[in-house]
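Quick notes on the structure that follows.
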Amino acid sequence: MERSDALVVGGGPAGLSAALYLARYNRSVVVLDSWEGRSTHHQVNHNYLGFVDGIAAVDLRRAGREQLARYDRVRVEDHRVERLARRDDGFVADDRWSARVVVLATGVLDHYPYFLGWESYVGTSMFWCITCDGWENRGRDVVVVGHTDVAACEALQLRSLTDRVRVLTNSPTDEISETVRRRLAAAGIPLIRDRIAGATGEEGRLRTLETEGGATLHLEALFSLQGASPQTDLAGQLGVPLDDSGYVVVDTEQKTEVPGAYAAGDITALHSHQVTTAVHEGAQAASAANHFLHPPELQAP
């Protein structure tokens, strides 16, 4: 079994940031990356200060790996962790890697509409975040997909960027409240109670949605507001507490209630799912973990 100072589970912005900070504290680190999650799609991030033309999420991941390659005490493994256990001297992943501390950066799984070829549109014309991609879709014909007040309110917010917005429930149920329905009607936003049967498009650009009811909806962008599931199975294996929405509970230093276990990125909060937030939390988790690794005589009281 390979022993290191720290295990980082997840190779997105949060995990790579944590690994970089730990490397610069001269800690030995193994990053275990399943190559899943939001930063593996075609998304271009325009909100990260300093990247004038934006940067593709996959390029940011690639650059992060190249940056880590300069540190000889860091290794990145393409591996999906199935089992994570606590031991007296730290943590063990899949009976292959052990470390005194672990940083969980496993992200969330978005509930995109599923139809033939759906993945090819993610990040190019199918999005989940108005903060990230609303600006680039100003003036366009947009369909917001979701059957809750959250989805409907996102559609109302999009009206500040385009006057061509519709809501498609894509669900057998419709949970949009009467109050929000009235707001949609007042804003001139149609509410379509139907489900997606298929789509047409090319090179990642949606052209139409075909519904089970037989309608054809022409569009230029789709915003999916069907929610996301935090990937917290490994946190559960460690006995890390979760909040009522299923996200990992951490303090301001990204510490969980399990000594030596930290969490960073989208798995820690229902809101503020941003690359900038993930990078910050990864750095904070690594700094707290580094302090934990110091012998008591080097720790401030």
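The values are calculated or read from the model by the stated rules, or taken from the named source; none is laboratory data. These numbers were taken from a predicted model, which means no experiment stands behind them. We place every Cβ from the backbone using ideal geometry, glycine too, and count neighbours over all the protein chains shown.
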*Would it be correct to say that Leu20 is crowded, with 24+ Cβ neighbours inside 10 Å and in contact (Cβ under 8 Å) with a residue 60 or more places away in the chain?*
no
_Selection from segment 46-99 of residues that are within 21 Å of Gly236 (Cβ to Cβ), among the charged types (D, E, K, R) and in a strand (DSSP E or B)_ = Arg86, Arg87
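Condition test on Thr232, is it surrounded by 13 or more Cβ atoms within 10 Å (Cβ to Cβ), modelled with pLDDT of 95 or more, within 28 Å of His147 (Cα to Cα) and not assigned by TED's automatic domain parsing to the domain that holds Val102?
Details: surrounded by 13 or more Cβ atoms within 10 Å (Cβ to Cβ): yes; modelled with pLDDT of 95 or more: yes; within 28 Å of His147 (Cα to Cα): yes; not assigned by TED's automatic domain parsing to the domain that holds Val102: no.
In short, no.
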*Kindly indicate whether Ala199 is assigned by TED's automatic domain parsing to the domain that holds Asp174 and without any contact (Cβ under 8 Å) to a residue 40 or more places away in the chain.*
no
_Complete set of residues in segment 59-72 that are under 17 Å from Tyr25 (Cα atoms), loosely packed, with under 14 Cβ neighbours inside 10 Å and either under 18 Å from the mean Cα position of the chain (by Cα) or of a type outside the set (A, V, I, L, M, F, W, C) (or both)_ = Arg70, Asp72
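Condition check: modelled with pLDDT under 95 and either farther than 29 Å from Ser229 by Cβ or crowded, with 16+ Cβ neighbours inside 10 Å (or both). Does His41 satisfy that? Quick ask: steps written out before the conclusion?
Values: modelled with pLDDT under 95: yes; either farther than 29 Å from Ser229 by Cβ or crowded, with 16+ Cβ neighbours inside 10 Å (or both): yes.
Answer is yes for this residue.
One residue is enough: does segment 86-97 have a residue meeting the conditions modelled with pLDDT of 95 or more, of a type in the set (A, V, I, L, M, F, W, C), within 21 Å of the chain's Cα centre (by Cα) and within 30 Å of Pro259 (Cα to Cα)?
Within segment 86-97, the subset modelled with pLDDT of 95 or more is 86, 90-97.
When the remaining residues are screened for being of a type in the set (A, V, I, L, M, F, W, C), the result is 91-93, 97.
Right, trim to within 21 Å of the chain's Cα centre (by Cα) and you get none.
Looking through segment 86-97, none of the residues is modelled with pLDDT of 95 or more, of a type in the set (A, V, I, L, M, F, W, C), within 21 Å of the chain's Cα centre (by Cα) and within 30 Å of Pro259 (Cα to Cα).
Go through segment 209-253 and tell me which strands (runs of 3 or more DSSP E), entirely inside it, have 3 or more residues that are in contact (Cβ under 8 Å) with a residue 24 or more places away in the chain and closer than 16 Å to Val142 by Cα. Even if it seems obvious, please write down each step before you answer.
Working: elements: 216-218, 221-224, 228-230.
The strands (runs of 3 or more DSSP E) meeting that bar are 221-224.
I'd like the residue in segment 257-272 that is assigned to a loop (DSSP other than H, G, I, E, B) and free of Cβ contacts under 8 Å to residues at least 40 places away in the same chain and, out of all such residues, is nearest to Ala85 (Cα to Cα). Lay out the reasoning, then the answer.
First, the residues of segment 257-272 that are assigned to a loop (DSSP other than H, G, I, E, B): 257-260, 264-265, 269-272.
Next, only the ones that are free of Cβ contacts under 8 Å to residues at least 40 places away in the same chain stay: 257, 259, 269-272.
Numbers: Glu257: 15, Pro259: 13, Ala269: 23, Leu270: 26, His271: 28, Ser272: 29 Å.
In this case the residue turns out to be Pro259.
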